Amino acid sequence: MAKRVLLVGCQGFVGRHVLQALRAAGWSVYGYDLAADCTDDRLEHYFCGQLQDRACLAALAQTKADLIVSLAAYNAGDGMVSSVNRTTIRRSRSMRWA
């Protein structure tokens, strides 16, 4: 059975390329994004919504993903970094990379 990955930001520029690479490596990819009109047949299932919404998070948890890849750190359209991703960025900056 293929491993499952939840790809957050699957409809973005980088997300589309990561999706292609994950599928080529044999992963079952579950996608999440804000865009409501996803028709990418490479996804096992597509979720749309706000990450702050408990119902959305409950639905995402049902994927039982082995891995979560989050590419939703920056919205180039309005130049805003979401509060959810501010924490991720802050933590990433404090890590020491080998």
Considering only the range 23-54, state which residues are without any contact (Cβ under 8 Å) to a residue 12 or more places away in the chain and of a type in the set (A, V, I, L, M, F, W, C).
Ala24, Ala25
From the set of residues in the range 14-48 that are assigned to a loop (DSSP other than H, G, I, E, B) and under 13 Å from Arg4 (Cβ atoms), which is most open to solvent (accessible area, probe 1.4 Å)?
Glu44
Taking the range 49-67 on its own, how many of its residues are of a type in the set (D, E, K, R) and open to solvent by less than 80 Å² (accessible area, probe 1.4 Å)?
1
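The values are calculated or read from the model by the stated rules, or taken from the named source; none is laboratory data. No experiment lies behind these values; they were computed from the predicted model shown. Please note: Cβ atoms are built from the backbone with ideal geometry, for glycine as well, and neighbour counts cover all protein chains shown. Note: accessible area is taken over every heavy atom of the protein model, side chains too, but ligands, DNA and RNA are not part of it. Shrake-Rupley method; radii C 1.70, N 1.55, O 1.52, S 1.80 Å.
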